[in-house]
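*Asks:* Dropping a structure here in structure tokens format, bear with me for questions.
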Amino acid sequence: AVVCAGLGGSATAYFLQQHFGPQVQLDVYEAAGVGGRLATVTVNKQQYESRGASIHALSLHMQDFVKILGLKHRREVAGKSAIFSGEHFVLEETDWYLLNLFRLWWHYGISFLRLQMWVEEVMEKFMRIYKYQAHGYAFSSLEELLRSLGGEAFVNMTQRSVAESLLEVGVTQRFVDDVIAAVLRSSYGQSVLVPAFAGAMSLAGAQGSTWAVEGGNKLVCSGLLKLTKANVISARVTGISLHSSEGRALYQVHYESTEGQGSAFYDLVVVTTPLHPGRSNFTFENFDPPIADFPGAFQPSVTSVVHGYLNSSYFGFPDPKLFPFTSILTTDTPDLFFHAMDNICPVNISAAFRRKQPQEAAVWRVLSQQPLDKPQLKTLFRSYYSVQVAEWQSYPRYDTAAKALPPVVLHESLFYLSGVEWLASSMEMVAVAAKNVALLAYNRWHQDLEKIDQKDLMHKVKTEL
């Protein structure tokens, strides 16, 4: 059984079938609808991503899914970004790459080069995971996974802030306050105190080129479930109880659907929904020792999709025709009521599509921590036709993290996927965790301990090659 059919659940189902073979019977429980946090909203008969909007170029599992499912990359529509302090723009992107570099250098010295070197070093080590997974290696804890990629240095990156790590490598405080803060507010809705590893992944996404799926990123989830022919059960899982049969653990999954309550027995269960207070009211029964409560909270996040006319005067452009930006990030200023806003394109982009001119009504996605009230909407927009609000518990509140990362193995063949978000939260991190859980389940089932938590994997993989 796989609990929930977001990206984590659908990728897990796909990888489980890949390793156990087509004869494996897969039930996927989902109460709300396939896709989870990858959701779209409709404005004027067009669909737009409301969240989970962009995928990094180095996301190899996501690239694979798109290829396997015959999906396409969405056409890029160019646009420029700027960082707003609440009073003025502290950094503005231009059409000229060299001019952008010169501006960065002029404002911040070589901080941006130091940042780039730091992020590239982290990413280079992180990319080893694909090699390990291709050779069938798995990790029974997030700490072991990190150690295999970057040693104790990677584990330490979950315990200290991104600001601390960057200041240490010579990035200036001003660059951290202006640029790093803006990127982290737009990705996690949090400050530069997020852990260094989560910060590095977010900054990699901001630096590299990104892409999205034509028709909407959630098509990856429905596509993977269709491909695996998984049995999707429309029900909310309420708990899991442990039984045993012939010396093996057997898990009873309890659920509620429109038809009432029910349960079913499984050899192997993967939970892909966060098990934190307020996120899922799961009960675990008959486990000894009992499965503990998970510390930490999730960050409330609000996405407002607004169809309207931007109030460019608020950003210092009295003539809306002259407003050049399609993406506005913000610094950590107490009075700023939003984290970021983007002029977004529909999920289906035709060859004839063009971006709206700045003085025309466009569809904007505004990210904030609280729902926007009327005066705030009037501050950002001269007038608007519609506002669609989605409130969700988006990312872990990294400042509430316990010192230890959540476990991957809850019991013999009971696994937990969502703990990976406490390392970093992105589509690719979830896909990497799904592959790891499937390999771990498979290797444990077949008692292939040589493939679990191995040391010095770089050397082992080279020898195998």
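The values are calculated or read from the model by the stated rules, or taken from the named source; none is laboratory data. Quantities reported herein were computed from a predicted structural model and do not represent experimental measurements. For neighbour counting, all protein chains shown are included, and Cβ atoms are generated from backbone atoms with ideal geometry for every residue, glycine included. To get the accessible areas, we keep the full protein, side chains included, count just its heavy atoms, and leave off ligands, DNA and RNA. Shrake-Rupley method; radii C 1.70, N 1.55, O 1.52, S 1.80 Å.
*Asks:* Of the conditions (1) more than 21 Å from the chain's Cα centre (by Cα); (2) farther than 14 Å from residue 420 by Cβ, residue 140 fails just one. Which one is it?
*Replies:* For residue 140, the failing item is (2).
*Asks:* Can you tell which of 66, 122 is farther than 24 Å from residue 184 by Cβ, open to solvent by less than 40 Å² (accessible area, probe 1.4 Å) and modelled with pLDDT of 95 or more?
*Replies:* From the options 66, 122, the qualifying one is 66.
*Asks:* A further question on this structure: Give the number of residues within the stretch 3-29 that are over 19 Å from the mean Cα position of the chain (by Cα) and outside any helix (DSSP H, G or I).
*Replies:* 9
*Asks:* I would also like to ask the following. Quick check: is even one residue across the stretch 16-33 hydrophobic (A, V, I, L, M, F, W, C) and under 23 Å from residue 126 (Cβ atoms)?
*Replies:* Checking the stretch 16-33: not a single residue is hydrophobic (A, V, I, L, M, F, W, C) and under 23 Å from residue 126 (Cβ atoms).
*Asks:* Would you check if residue 278 is within 23 Å of the chain's Cα centre (by Cα) and either modelled with pLDDT under 95 or loosely packed, with under 14 Cβ neighbours inside 10 Å (or both)?
*Replies:* When the stated conditions are applied, residue 278 passes them.
*Asks:* For the stretch 230-246, give me each residue that is assigned to a strand (DSSP E or B) and more than 28 Å from residue 289 (Cβ to Cβ).
*Replies:* 231, 232, 233
*Asks:* Would you be able to say whether some residue in the stretch 400-408 is aliphatic (A, V, I, L, M), open to solvent by 30 Å² or more (accessible area, probe 1.4 Å) and more than 18 Å from the chain's Cα centre (by Cα)?
*Replies:* yes
One line per residue, one yes/no per condition, for (1) in contact (Cβ under 8 Å) with a residue 24 or more places away in the chain; (2) under 13 Å from residue 27 (Cα atoms); (3) of a type outside the set (Gly, Ala, Ser); (4) surrounded by fewer than 17 Cβ atoms within 10 Å (Cβ to Cβ):
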| position | (1), (2), (3), (4) |
| --- | --- |
| 218 | yes, no, yes, no |
| 222 | yes, no, no, no |
| 231 | yes, yes, yes, yes |
| 240 | yes, no, yes, no |
| 243 | yes, no, yes, yes |
| 246 | no, no, yes, yes |
| 263 | no, yes, no, yes |
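*Asks:* Separate question: When you go through 122, 90 one by one, which is the residue that is within 17 Å of residue 183 (Cβ to Cβ) and part of a strand (DSSP E or B)?
*Replies:* Criteria check complete, one pass: 90.
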